[in-house]
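Below: one structure, written as structure tokens.
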Amino acid sequence: MLGRIRQLLDNRGYFKIMRDFMRAVGGLSGLAAWVAWERYYLALMARAAAECGALCGSPPTDFAYLLQCIAERHGVLDPESCRVRIKRPRARYPTIFKDYFATLEWLLSRACELATRPPREVLPEEEARAAYHAFLSQEWYCAVRRSMYAGAGVPLWGRVLLIGAGTAEPVDYWHACRRLGAECRYAAMEVDERALEDLRRLAARYGFEVLHGWEEAERAGPFDGAIAQNVLHWATDPLDVLMRARRVARRLLLSQIVIEGAGAGFLVAYVLGARRSVSWREVESLARQAGWRLKRRYAKYPNYVAVFE
């Protein structure tokens, strides 16, 4: 109980900026159902890995180790007996999460393989990339981004740079602008050449700039603000990302899934190619090293959200 109260206090600002998202999921009851179902799938994955002999003792892969740590933290795995506790939730999860739980079903079907073999032996690079882009485009994820950007008032900042934008985020940012009735001036920056063609097609429709890499972003700057949404755990050098953002933008909305409180969704990120796990303290430390000053923190975990100047 004390842990739940502390989590609510640590993340109380998140609910203020995520009002649109909370309405979309049916309020706290819908969010609670989502949490219960995610915990259930986490337990199913732990059971599958345990049946393969990959949990407890010395887990043979990083996926198995991460699964074991998260399952223990959520209380579904007893580290002493290696017994998995599974309880199927009664309440249905909100429809908006349908694709998310389909992804967890897919991960569950491969849990034994991932617990005993490296991820790219189980999921080749191109398949992982396709699954990653599909994951970013799921309805619930789009709703999160739209609500966050509008709730934090980012479209009111002026000209904004979307760092590592992919193809879903620019459209979500356009919707956030519409939500606030703000002039939508923004650029989508990508280092992945394979995403550029799709980005340019979208730009013709939604009217944003497309920038290939940091050199183009620096030439196009300065920007009134920037958004780094879940890029640090994918980056080769997360400090470099934040330092470059500091050179081109006056403000930064930093949103990053962190290890504290992480659930089955974090395992999805790892399997699809995330390079590292980070804590919310590490995120703030990296931002300070890059020269950013914390203006307002909305949430600490499992999704860290803050504005820096």
- line: On the formula 1/(1 + (r/R0)^6), with r taken between the Cβ atoms of ASP192 and ARG219 and R0 of 30 Å, the FRET efficiency rounded to 0.05 is 0.95
query: Given a cut-off of under 8 Å on Cα pairs at least six residues apart, what relative contact order in percent is computed for the chain?
result: 18 percent
field: Pair VAL35, LEU239: separation of 7 Å Cα→Cβ label points (nm)
entry: 3.5 nm
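Give me the net charge of ALA235's neighbourhood, meaning all other residues with Cβ under 11 Å from the Cβ of ALA235; Lys, Arg count +1, Asp, Glu -1.
Charge balance near ALA235 sits at +1.
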- prompt: Excluding VAL76 itself, what net charge comes from residues whose Cβ is under 13 Å from its Cβ, given Lys and Arg +1 and Asp and Glu -1?
  reply: +4
query: Ranked by Cβ crowding within 10 angstrom, fewest neighbours first, how are LEU286, LEU253 ordered?
result: LEU286, LEU253
message: Explain nothing, just the number: relative contact order of the range 139-308, from Cα pairs under 8 Å at least 6 residues apart, as a whole percent.
response: 19 percent
statement: Once the dipole of the range 139-308 is set up from charges on Cβ (+1 Lys and Arg, -1 Asp and Glu), the residue from the list VAL171, LEU294, SER255 lying farthest towards its positive end is LEU294
field: Estimated inter-spin distance, LYS16 and ARG247, nm [label 7 Å along Cα→Cβ]
entry: 3.4 nm
- line: The size of the Cβ-based charge dipole (Lys, Arg +1; Asp, Glu -1) of the range 21-141 about the Cα centre, to the nearest 20 debye, is 620 debye
Rg ratio (alpha-carbon, reference 2.2 N^0.38 Å) - the chain: 1.00
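For a quick check: sort THR61, THR95, THR236 by the number of other beta carbons within 10 angstrom, fewest at the front.
With the fewest neighbours first, THR61, THR95, THR236 line up as THR236, THR95, THR61.
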- request: Label the range 2-136 by shape, choosing from rounded, prolate and oblate, from the square roots a ≥ b ≥ c of the eigenvalues of the Cα gyration tensor; if a/c is under 1.5 it is rounded, and otherwise prolate applies when a/b is larger than b/c, oblate when it is not.
  value: oblate
- line: Taking every DSSP bridge whose two residues both lie in the chain, the antiparallel percent to the nearest 5 is 40 percent
message: Between GLU51 and GLU121, what is 0.36 nm times their sequence separation minus the Cα-Cα distance? Round to one decimal in nm.
response: 23.2 nm
- line: Which residues qualify? For ARG83, with a placed amide H closer than 5 Å and at least 5 residues away or on another chain, they are ASP78
statement: With Rg from the Cα atoms and Rh as the Kirkwood inverse mean 1/r over Cα pairs, the range 168-309 has an Rg/Rh of 0.95
query: Under a no-solvent Debye model with one identical scatterer per Cα of the range 205-250, what's log10 I(q)/I(0) at q = 0.20, 0.29 Å⁻¹?
result: -0.71, -1.21
task: Using Cβ-Cβ distances only, list the Cys residues of the chain with no partner cysteine under 4.7 Å, sorted by number.
output: CYS69, CYS142
query: Residue by residue through the range 298-309, which ³J(HN,Hα) values in whole Hz follow from phi under the Karplus form 6.51 cos²θ - 1.76 cosθ + 1.60 (θ = phi - 60°), with glycine and proline marked x?
result: 8, 7, 9, 6, x, 10, 6, 9, 7, 10, 10, 10
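Fewest to most neighbouring Cβ within 10 Å: what's the order for LEU123, LEU232, LEU156?
Ascending number of Cβ neighbours within 10 Å: LEU156, LEU123, LEU232.
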- prompt: When the dipole is taken about the Cα centre of the range 84-137, and only Lys, Arg (+1) and Asp, Glu (-1) are charged at their Cβ, what size is it in debye, to the nearest 20?
  reply: 560 debye
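So what's the net charge close to GLY213: Lys and Arg +1, Asp and Glu -1, counting the other residues with Cβ under 12 Å from its Cβ?
Local charge sum for GLY213: -4.
Once the piece of chain linking LYS98 and ARG73 is laid out straight, how much longer is it, given 0.36 nm per residue of separation minus the C-alpha distance between them? It would help to have the intermediate numbers written out before the result.
Details: separation 25, 0.36 × 25 = 9.00 nm, distance 2.52 nm.
My answer for the length gained is 6.5 nm.
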query: When the convex hull of the C-alpha atoms of the range 65-210 is computed, what volume per residue in Å³ does it have?
result: 151 Å³
- prompt: Under 20 Å Cα-Cα from LYS295, which lysines qualify once same-chain neighbours fewer than 8 residues away are excluded?
  reply: LYS16
statement: The size of the Cβ-based charge dipole (Lys, Arg +1; Asp, Glu -1) of the chain about the Cα centre, to the nearest 20 debye, is 1440 debye
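Just so you know, all these numbers are worked out from the coordinates, no wet-lab data involved. Since we're looking at a predicted model, the values are computed, not measured. Note: ideal-geometry Cβ built from the backbone for every residue, glycine included; neighbour counts use all protein chains shown.
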